[in-house]
Each structure stands twice: as structure tokens, then as C-alpha cells.
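Peer 1: One structure, as C-alpha cells, below. Some questions next.
The values are calculated or read from the model by the stated rules, or taken from the named source; none is laboratory data. Please read all numbers here as calculations on a predicted model, not as lab measurements. Cβ placement follows ideal geometry from the backbone for every residue including glycine, while neighbour counts extend to all protein chains displayed.
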Amino acid sequence: MDIGKAQLLTIGWITPGPKWSLPLQTHPYHEMVVLCRGRMQVEIDGKKFAGEAGDVFFYRKGCVHTEQNDHRNLMAIYGLAFSWNDKGIASMPSHLRDSRGRLRQLGQWMHEESGADMRVQSGLGCEIFRAFLAEWLALPDVQEHMVVEKVRRFMRGHLSQPLCLEDLATAAGLSKFHFLRVYKQLTGRTPTEDLRILRLEAARHLLMTTNSPLKIIAEMIGLGDEVHLCRLFKSHYSMTPGDLRRSYTKSASERN
């Protein structure tokens, strides 16, 4: 998409009161809301969202939307109105996460460049707006990679438990089949294959750093029994757990 053809119309810093709400409405331009503080409820073309700090909402030109403040946790947002006739924008999600905080920072800089009428006229302000759009367009890919890191943290924290694909998809916050497709696309492995590798890496670490019996290690990493552990370990590392432990113990002794 050609960012140079996008035009920022207005940008405002909005901190409404606890009873504030926006009635259902539509506009002949695009809008974006960057939630910097607090919480809000958003509805876009009939789909409802519960927003919290770091969320970004995109209202396509012509979509029906509404907003409501959370009186217990008042919201503060940057609200942008812009025009952009690129058809590719239709594929952008209505809800994303500003996981790196860059949109919030760029929003602040743009707002500082705007005048009393909330319009950005300076060359610097326009450059910041283009950087803002570039960061926003990259968010879907960033978030997909964060899914992998999030799920791997979940896996490492639950190695001893019997995890299934549904458990991992739930941890990712995605449907099972979408999660499976995205994960394999990003890592080259299925989630269950990745889980098995993480378990074997944990077994390898325990073999080198503890004197725990194979039976205990197998239970700690969720591989059931030592027979299963030995079979998978040899297939992955081309040596048995005993071979690794003896080799590591011998090397450590020689170093000392």
C-alpha cells in the first residue's frame, strides 16, 4: 500500500468523563483510536470489543461504530481521522495491539505537531503520520510472532502437564485451526512438535545439571516414562540420555 497517498485530517487527545458514550455513527473517512490509558467498550459493525491500554481500533470509512467509557477505569485516547483510497486497507483488522508502544509514542508526537484545530500541517508531522501508518500496517505480522512467544512461555510453564492442541490454542487466544495454521507457518513445525522439542531441551538441561533419575525427569517434562523419554531423546539427539549424562560428567571432571 502507498502510504504517501494517505492524508491525516485531524488528531486529538481525548479524555472523556465517566458517563461519556458515543452514539452509533458512520463517517466518510477512516478513523483510528489508540487507547493509551484505561478501558473502553467498542462496537464495530455489530462486533463488540472490550478495549484496554495498548489496544488499537480501526473504523473503516462507512462502518457503523460506537464507543463507551469505563467509569471505573477512565480512558484516554488518541483519535485520528484520515483519508486513504487504497483498497488494501480493507484487509486490516478492526482490532490490534500496540504491543511495542510505538503507536502511542508516534501519536503523542503527531499531537504535539498539531495546532488548535488538531490538524498536522508541518512536514515533520506528515512524516510522523507516515511512520505511524507503517507501524500500524506491520502490527498483524508482529502479533503473529508474539503468539509463538506467548505459547512457548505457556508450554515451558506447563511441561509436566498433558497439553493438547486445544489447550495451546486457548493460550494463544485463537481458534484451533487458525492457531495451527499460523504457528506452522511461522515456525515450520506444528505446536505439538514444538512442544516435544521444548520437552526434550528441558530433559537435556536436567540431565546435565541434576542427578535426578530418568523416571523423575520424564515425569517433570510430561513425557510419561523413561522408555518414552529415551526413545524420543535418541531420535532427536542421536544419543541416549545416559550417553549424554556420562559424556557431560566426564567433560566436567576433565575441566576440573
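Peer 1: Does SER114 count as farther than 22 Å from THR187 by Cα, surrounded by 16 or more Cβ atoms within 10 Å (Cβ to Cβ), in the same structural domain as GLU31 (by TED's automatic domain parsing) and out of contact with any Leu (no Cβ under 7 Å at 6 or more places or on another chain)?
Peer 2: In short, yes.
Peer 1: Restricting to segment 151-189, what's the tally of residues that are within 28 Å of ILE216 (Cβ to Cβ) and not charged (D, E, K, R)?
Peer 2: 14
Peer 1: Moving on. When you check LEU195 against the structure, is it of a type in the set (A, V, I, L, M, F, W, C), touching a strand residue (DSSP E or B) at 6+ places or on another chain (Cβ under 7 Å) and surrounded by 18 or more Cβ atoms within 10 Å (Cβ to Cβ), yes or no?
Peer 2: Answer is no for this residue.
Peer 1: Being more than 26 Å from ALA131 (Cβ to Cβ), free of Cβ contacts under 8 Å to residues at least 60 places away in the same chain, assigned by TED's automatic domain parsing to the domain that holds GLY125 and not β-branched (Val, Ile, Thr) narrows it down to one residue among LYS61, LYS47; which is it?
Peer 2: Of the residues listed, the single one that is more than 26 Å from ALA131 (Cβ to Cβ), free of Cβ contacts under 8 Å to residues at least 60 places away in the same chain, assigned by TED's automatic domain parsing to the domain that holds GLY125 and not β-branched (Val, Ile, Thr) is LYS47.
Peer 1: Please return the ranges of helices (runs of 4 or more DSSP H) entirely within segment 186-256 where 3 or more residues are out of contact with any helix residue (DSSP H, G or I) (no Cβ under 6 Å at 6 or more places or on another chain) and within 20 Å of MET155 (Cα to Cα).
Peer 2: The helices (runs of 4 or more DSSP H) meeting that bar are 191-209, 214-220.
Peer 1: Can ALA218 be described as at negative phi, over 14 Å from the mean Cα position of the chain (by Cα), of a type in the set (Gly, Ala, Ser) and surrounded by 14 or more Cβ atoms within 10 Å (Cβ to Cβ)?
Peer 2: So ALA218 fits the description; yes.
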